[in-house]
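The values are calculated or read from the model by the stated rules, or taken from the named source; none is laboratory data. In this text the structure is predicted, and so the values were computed from the model without any measurement. Positions of Cβ are backbone-derived with ideal geometry, glycine not excepted, and every protein chain shown enters the neighbour counts. Surface areas here come from the heavy atoms of the whole protein model, side chains and all, with no ligands, DNA or RNA. Shrake-Rupley method; radii C 1.70, N 1.55, O 1.52, S 1.80 Å.
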Amino acid sequence: MSRWSTGKAGNAVRLERSGPRRRRLVMLMWITLFSVLCLTVDGQMKIPPETVQQWAVSFGKEIAALSAKYSGAKLLQKKYKDIEGAVKIEEVDGEELVKKFAEEMEEMLGRKMKSVKKLAEAAEDADLVHEYNETLQFDYFNSLLINTVDEDGNPIPLGGEFPLERNEHFNKLPVNTQQSNIQVPTNVYNQDPDILNGVYMSEALNDIFVDNFQKDPTLTWQYFGSSTGFFRLYPGIQWTPDENGVVTFDCRNRNWYIQAATSPKDVIIVVDVSGSMKGLRLTIAKHTINTILDTLGENDFVNIIAYSDYVRYVEPCFKGILVQADLDNREHFKLLIDELHVRGEGKVKNAMKESFKILNEAAAQGQGSLCNQAIMLITDGAMEDFQDVFQEFNWPDRRVRVFTYLIGREMTFAENVKWIACNNKGYYTHVSTLADVQENVMEYLHVLSRPMVINHDHDIIWTEAYMDSVAQSLLMMTSVAMPVFSKKEETLSHGILLGVVGTDVALRELMRLAPRYKLGIQGYAFLITNNGYILSHPELRPLYKEGKKLKPKPNYNSVDLSEVEWEDTEEKLRTAMVKGETGTLSLDVRTSVDKGRRVLFLRNDYFYTDIKETPFSLGIVLSRGYGEYIFTGNVSVEDGLHDLLTPDLTIANEWTYCETDIDPAHRKLTQLEAVKKYLTGKEPDLDCDSQLLQQTLYDAVVSAPMEAYWTALMLNTSGMDDGIETAFLGTRSGLLRFQRYAGIEKRTGRSFLTSTDMENMFTLDHFPVWYRRAAEYPAGQFLYYMPRQDTRAGRIVISATAVTVTVGKKTAIAGAIGVQMSVGAMESKFWAITAQCSNVEGVCPLRCDTLDIDCYAIDNNGFVLISKQRSDAGKFFGEVDGSVMTTLIRMGMFKRVSLFDYQAMCRMNSHSVSSGRTLFSPFYGLASAFKWILSNFLLFLLKFNICGFWHTEHFAEAYVHKKKVDILQPCDTEYPSFIYEPSVKETNSIIKCGRCQKMFVVQQIPESNLLMLVVQADCDCSKQYPPLTLEPKEVKYIL
C-alpha cells in the first residue's frame, strides 16, 4: 500500500520508493521474531520425554539388580516359597486376643494389689499395738544421711552404714533389697516425736516388703507414706537432694497419696484480691492456691473465683462450671493466678453465693465428681454478715464443706473466718508465712478422709501414668495404693488417717503381656484410664529435647486417647473404652512413620475390653493386610539351635522370649543368651514363650543360607560395587541377620543397626522402619529411601523389600530384606546412565551433567535422593524447587495429606500472656497494643543511642540483657505429608515464570518407589513460587 502526499510530486515519489524497503524490513523483523520463537520453543522442548523414560528404565534395572544381588532377596523368598507346603496360616482372632491379654494383665495387677493389701494390714496392726511415746529416741536410717560421716570419720546421727548394691531390676540403681529406709522432706523436722513414733511403728513393714518381693519378683518400689510427712521406701536407696541441697519430695503431695487418702471432690477456690491483700499477703495467697491445685487429680473438679468489689472468674471461659482438675487445667490456672492484682474492697458474700450455685448446679445435673464438695476461702479477713448465705445454700445438711485460710499475721478477723469453717464442717488454718503453706493446706485432706476412715473404706486406687521420680528415671509408671487407718478404739470415731501404702508398676512391663509378634507389622496395643488418658500407646511421646537433655513434657500424663487416635472423630472408640465396654470398631486411618515425614493409609480393626478390678481399658489394633494372618511351621530344636548360634544373628532384646526378671541370676542375661541357655538345657527353669521360640527357630533355619550367600559376596572383593555397606533381614519373630560388607572406617552409615539406631531395630513399640515401609509394597519390589538426618551418621540409602508366604488364598508377611548403601553407590549409576542417549550418533544432545538442566531422583514422598547439589539429598523436593513441586501437586501426581500432632511443643515468647484473655477483654487488647508500641519505641531510642551522651554503656547493657527468650510449650500442630499417585506414570509441563518458562519431565522409575525428574535449569521461578516446606503450623483455637 502506497502513502500519498498533497505536497510536491517529488515527495510523492520519495514516499512511493520507501514502500518496498519498509515491507522488506517488516518481513525481516517477522522472520527474526519467528526464529526467536522457534528457538524458545525449541528451548522448551529440549527435554524429550522418551529420553527421560529410557533413563528411568535403565536406572530402575540397575538399582533393582544392585539391591537384589547384595541383599539376596530372591534366595530368601525362594527359601520361604519352598516351605509353603509345610506351614499353616491361621487368621488372628482379635476378640480372643484382647481378652487373653486383658486376663494376663488382670492377673499381674492382681498380684500387686494383693501385696499392697498385706502392707495395709501390717501397718494397721503395727499401729494398734504401738503406744505413742512423746520422748521416744530412735535412730533410724535416713536415706539422705546414710553412709556419711562427720569430720572425725564417725557416722552422723540417722546415718550409719547401709549396704547398697547395683540392681538391674531397679533401673540399675544401688539399692538394699534386705531393708527399707526413710526419706523426710527438708521442711519437716526429722526427729519430731510424731516422725519418730511413726518410723518406729512402721518398722514392722520391713519383713512384709521383703516377703512380697520374694513371692512376686516383678514388684518394683514398695512404700508407706505417712500423714506426718515421712516416706518409707523399699528397697532402701541413697536419696539425692536438689542442687541447693534441699529435699522437696513430699509423699503427701503425690497423686497416689492424695487419691488414696480422699474420695473424688469438687472444689471451688475463692480468693480475696481486695486492696488489703497487697504485698506478701497476695504472694502467700497465690502459693496457697497453687498448693491446693497440686493436691487435686484427674478424678477431681475445680474452679477459681477472685473477689473484691465484684466477683470474677480467673478464667472467664469456665464461668459457672466445674472443670476436670487434670494437669493442663491446673497449669493453666497457675498461669492465671500469677497475673492476679489487688484492688477495691473485699466483699465475700457474693463470691460465696456464686460458689454454692456452681456446686449445687453440678450436683443437680449429675456433673463433677458426684462425691465430696468443698469451698476453699483464702482471705485476710471477713467483715460482712454472711450467715444468710449459708442458711440459704448449705444449712442444715452442710453438704458442702468450707475450709478457710486466714492470710497474714493480722488476727483481727480470725474469729469470723474460723466461724465460717467450723459451722460448715470444714477446717480453719492461719497461714502467716510462705513456710506455713504446705503443712496447713494438707490439713484439709485429713478432714475429707474422715468419712472413709470411720467407715473403714479400704478403696484401692490406681493412678494415671507418671515418670518414676524415686529412681529419677524417665520410665513411665502407674501406682496402686491403699489408705491406712488407725484401728484403736479410742480414736476410731475421730477417723485418723495414718498414711498410704503402695507400689509402682512399670508400664513397659505391663505391655510385655501383649507381645508385638502377635499383633503384626502395623499392629499395637494400648492402655487408657477411665478418664480417657493414655497409660501406654506407641504414639505417646512424653519427652521433649531441651538442648541435649530429655525432659518430660508439662502435659505428658494427660494426653487423651482422642489426641492420638485422632481419626476417631466421633470418639466412639474413646467413649466405649472409658465406659469399660467390650467391643470392636474399624477405622480408616492416616498414620505416619519416620517421625511424621511419611504417611501410610491403613484400615485398622480395634478390639477393646476392660481390665477387671482396675480403672483401665486395653485396646489392640490389627491392620488389614498385616495383622490378619500368622503362620507357623515346625522344626527340631537341634536344627533351629544350630542356626540360631551363628554370629550374624540376633533377636529383639526388648521382646520377651524368656522371662529374665523373675530370678535375680537371670537379670543380666540378654534375650538371646537366655534363649540359648533354655534350649541347651542349662537353664530349664526359665519361663519362655514356646510359640515365639518356635517361630524364631523356624525363621533361623529358613534364613540360614543367607549367611553363606552374603559371605561369598564379601569375599569376592574384586566383584564388589563401591558403597555397598550392609545386607540385612528381619522376620516376624524379631530375628535379625546382617552382614557388614565394609569395615567401620569405610562405612558411611556407621550407626545403622547399632544399639543407638532404635528406628531400625525391633523394639517393644514397633517393627523397624524399613520393615514397616517394605510391607507397603509388593514382595520383590524394592523400596528406597534416605533416613532422617537426625537418625543417621551419613548420606545413606536403604533399599528393602517384603518376603511373603502364601498358602491357598492366604498370604502372610514372613519378613523383610534389604541392603544399606551410601548415596554415592546410587549416584554413580544415575549420572552414568543420564549421560547416555540411545539411537544418537556423536555427542548426546541431552545430558544431566550439563548446566542447562537439573536431574533428580526423588521418592514417593517427595524426598530427594540424588541431585547435582549434594546438600539437596534428604531434603523435601518442595524446598529445592517450589515451582515444580507445586505444579506436580496441581497436576495430581502428588497428593497433600494433612496430619495432626496433638503432643507438639511450640516456641512461645516467655513474655507472652494468655492468648485467651484478649478474646474476653477488648480494653486489655488495646492496652497491650499500646504497651507493645511504647516498649518498642523505647527500645528504638536505646538501639539508636539518642540518649547516648548519658551513660551509654548502661543503656546498651540493659538492651542486650532484656532479649526475649523463647520457651517450649505444649501445642497442637498441623503438618503436611505428600504421597505420589502411582496411577500417573509420567508427565511433563511448562511453568510460566515472568520473562522465562521452565519445562520439566517426570518419569516413574520401574519396579521402585522412585521418580526421575529432569528440569530446565536456566529459568528461576523462586519469586513466583516460594519453597514448599514440611514445617508444622500451630493450630489456633478461637473459643
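Here are a few things to note about the model shown:
- Residue count for segment 267-305, restricted to those that are within 27 Å of SER479 (Cβ to Cβ) and either among the β-branched types (Val, Ile, Thr) or assigned to a loop (DSSP other than H, G, I, E, B) (or both): 13
- Scanning segment 306-316 for any residue that is β-branched (Val, Ile, Thr), in contact (Cβ under 8 Å) with a residue 12 or more places away in the chain, open to solvent by less than 10 Å² (accessible area, probe 1.4 Å) and not in a loop (DSSP other than H, G, I, E, B) turns up nothing.
- Residues satisfying the stated conditions in segment 330-357, i.e. of a type in the set (Lys, Arg) and in a helix (DSSP H, G or I): ARG330, LYS334, LYS349, LYS353, LYS357
- In the set (1) on the phi > 0 side of the Ramachandran plot; (2) of a type outside the set (D, E, K, R); (3) assigned to a helix (DSSP H, G or I), the condition left unmet by GLY160 is number (3).
- Answer residue from segment 115-141, given it is free of Cβ contacts under 8 Å to residues at least 60 places away in the same chain and under 26 Å from PHE213 (Cα atoms) and is surrounded by the most Cβ atoms within 10 Å (Cβ to Cβ) among those: GLU121
- Taking the numbered list (1) open to solvent by less than 20 Å² (accessible area, probe 1.4 Å); (2) assigned to a helix (DSSP H, G or I) in turn, ASP194 passes all entries but (1).
- Counted residues, segment 680-714 - those being of a type outside the set (A, V, I, L, M, F, W, C) and open to solvent by less than 20 Å² (accessible area, probe 1.4 Å): 5
- Of the residues making up segment 1014-1026, none is within 38 Å of the chain's Cα centre (by Cα) and within 27 Å of LYS61 (Cβ to Cβ).
- The residues listed here are PRO1032, PRO1026, PRO970; of these, the one that is out of contact with any helix residue (DSSP H, G or I) (no Cβ under 8 Å at 6 or more places or on another chain) and open to solvent by 10 Å² or more (accessible area, probe 1.4 Å) is PRO1032.
- Where a residue in segment 154-181 is within 21 Å of HIS666 (Cβ to Cβ) and hydrophobic (A, V, I, L, M, F, W, C) and its partner, wherever it lies, is at pLDDT 90 or above and surrounded by 18 or more Cβ atoms within 10 Å (Cβ to Cβ), with Cβ under 6 Å and at least six apart: VAL175/PRO235; VAL175/ILE237
- Condition met for GLN324 (without any contact (Cβ under 8 Å) to a residue 40 or more places away in the chain, within 25 Å of PRO451 (Cα to Cα) and either open to solvent by less than 20 Å² (accessible area, probe 1.4 Å) or not small (Gly, Ala, Ser) (or both)): no
- Search result, residues across segment 563-591 that are outside any loop (DSSP other than H, G, I, E, B), touching a residue at least 40 places away in the same chain (Cβ under 8 Å) and surrounded by fewer than 17 Cβ atoms within 10 Å (Cβ to Cβ): THR584, ARG590
Residue-by-condition table, conditions (1) in contact (Cβ under 8 Å) with a residue 12 or more places away in the chain; (2) aromatic (Phe, Trp, Tyr); (3) touching a Cys at 6+ places or on another chain (Cβ under 6 Å):
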position: GLU673; (1), (2), (3): no, no, no
position: LEU686; (1), (2), (3): yes, no, yes
position: TYR709; (1), (2), (3): yes, yes, no
position: THR717; (1), (2), (3): no, no, no
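- Residue count for segment 989-1013 satisfying the condition of being of a type outside the set (D, E, K, R), part of a loop (DSSP other than H, G, I, E, B) and more than 38 Å from the chain's Cα centre (by Cα): 1.
- Within segment 85-117, being in a helix (DSSP H, G or I) and farther than 17 Å from GLU613 by Cα holds for GLY85, ALA86, GLY94, GLU95, GLU96, LEU97.
- Of the residues making up segment 348-363, those that are of a type in the set (A, V, I, L, M, F, W, C) and farther than 11 Å from PHE390 by Cα are VAL348, ALA351, ILE358, LEU359, ALA362, ALA363.
- Exactly one residue among GLY619, GLY596, GLY625 is open to solvent by less than 30 Å² (accessible area, probe 1.4 Å) and not in a strand (DSSP E or B), and that residue is GLY596.
- So GLY344, is it at positive phi and open to solvent by less than 40 Å² (accessible area, probe 1.4 Å): no
- Residue in segment 421-435 that is buried (at least 17 other Cβ atoms within 10 Å of the Cβ), of a type outside the set (S, T, N, Q), in a helix (DSSP H, G or I) and free of Cβ contacts under 8 Å to residues at least 60 places away in the same chain present: yes
- Within segment 538-562, residues that are farther than 28 Å from ILE521 by Cα and free of Cβ contacts under 8 Å to residues at least 40 places away in the same chain reach partners that are open to solvent by 70 Å² or more (accessible area, probe 1.4 Å) and in a loop (DSSP other than H, G, I, E, B) with beta carbons closer than 9 Å, at six or more positions or on different chains, in the pairs LYS551/LEU474.
- Lone qualifier among THR248, THR288, THR220 - being open to solvent by 10 Å² or more (accessible area, probe 1.4 Å), farther than 21 Å from PRO554 by Cβ and touching a residue at least 60 places away in the same chain (Cβ under 8 Å): THR220
- Of all residues making up segment 715-733, the number that are crowded, with 16+ Cβ neighbours inside 10 Å and small (Gly, Ala, Ser): 4
- Strands (runs of 3 or more DSSP E) (entirely within segment 486-557) containing at least 2 residues that are closer than 19 Å to PRO615 by Cα: 497-506, 524-529, 534-536
- Annotation note: of ASP852, ASP872, the sole residue that is surrounded by fewer than 17 Cβ atoms within 10 Å (Cβ to Cβ), modelled with pLDDT under 95 and of a type in the set (Asp, Glu) is ASP852.
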